[in-house]
Amino acid sequence: MTCPVCKAIEGRGECAECRALAGELRANAEALSALRHEELPPLVVSVSRRAPVYSWVAAAAAAVLLAMALPSLRQVAIAPKHGPQSGRAGKSEPLKIKMLTPDPDVVIYWLIDSKEGE
Amino acid sequence: MKRLLCILTALAGLASAQDKPLALVLSPPNATANLELTVYLVSGFAEAQATARDEVPQDLAATLQQLRGVFAYKSYKLIDAVTLRGRNNGGSEVAGELPDYSHYDFKYVRARISSETPHLVRLDSLRLEITRRHTDRLETVALVSTDLDVREGQKTVVGKSAVNGKDAMFLVIVPKVVE
């Protein structure tokens, strides 16, 4: 920026305005230098009033993610249901072998208990 | 904030939409259809019986021919035939006494009929248990427990060995969808 009066760089000219500006800058520099040894007050943490809004948004996002994850969790829960529901604890599902026959209308499955397969 | 709410709403809608395909599978268009299931209980004997001939009805002749091609049992005998009917997405159970005074209990927890033709019927937790009562206890003679897919027009055989020693038990399942 140039001085509109003397056309020199602002604060560096010989005109009265430049001298006045140079004086203000010098005074500012001296004031800042004086503050160099001042001890700063302890930092005060102010809690923003918007914080609860963000927490609600985070909770809603977590709920949505949970809802998206639920179907896969449900599938995992359903999977063991395919086992025999005989009420006999510890019995594993038998091995099921599908046998193809020349007759397309006859399908044969052969069940082998784990005890038999051993 | 409004934009964020819109995104969250859309995500929630997406999440709920993920359940739709499962619901469609469980409730196909023909939700009112009934399933008539005919189950033949057939024994396969490892040792030759007094009557050398097979004792099965003519309906099972083709099935028996295939069984003979796969297994080496000496003879086959129809023990009983039961028919049960249930709704689509429902279960059914039938129980009774067999000629040798043993007791059978046949059931499935749920039958799901597909909309395609011929219908595919998914039988969840199909179970046949044959028990024999002794003076102080109930002995399980045969137990068949599995999930099974059967197609209309086909005879699906489920076989299991080690019944009464070396013999085998065969279930011949014939599904019929009644619209």
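FYI, it's all coordinate maths here, none of it is from the lab. This is a predicted model, so every value here is computed, not measured. So basically every Cβ, Gly included, is an ideal-geometry build from the backbone, and we count neighbours across all protein chains shown.
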Near the amide H of B:Val157, under 5 Å away, which other amide H atoms are found, from residues 5 or more places off or on another chain, if H is placed in the peptide plane?
-> A:Val107, A:Ile108, A:Tyr109, B:Ile173
Inter-chain shielding of B:122-129 (mean C-beta neighbours from other protein chains, 10 Å cut-off) | 2
Sorted by average packing, counted as other Cβ atoms within 10 angstrom per residue and highest first, what order do B:80-87, B:135-142, B:164-171 take?
-> B:164-171, B:80-87, B:135-142
Per residue of A:95-108, other chain Cβ atoms within 10 Å number on average 6
Anchor B:Lys166: aspartates and glutamates whose Cα lies under 16 Å away (excluding residues fewer than 8 positions away in-chain) = A:Asp113, A:Glu116, B:Glu47
Sequence-distant or interchain residues sharing an amide H contact under 5 Å with B:Ala81, placed H: which?
-> B:Leu41
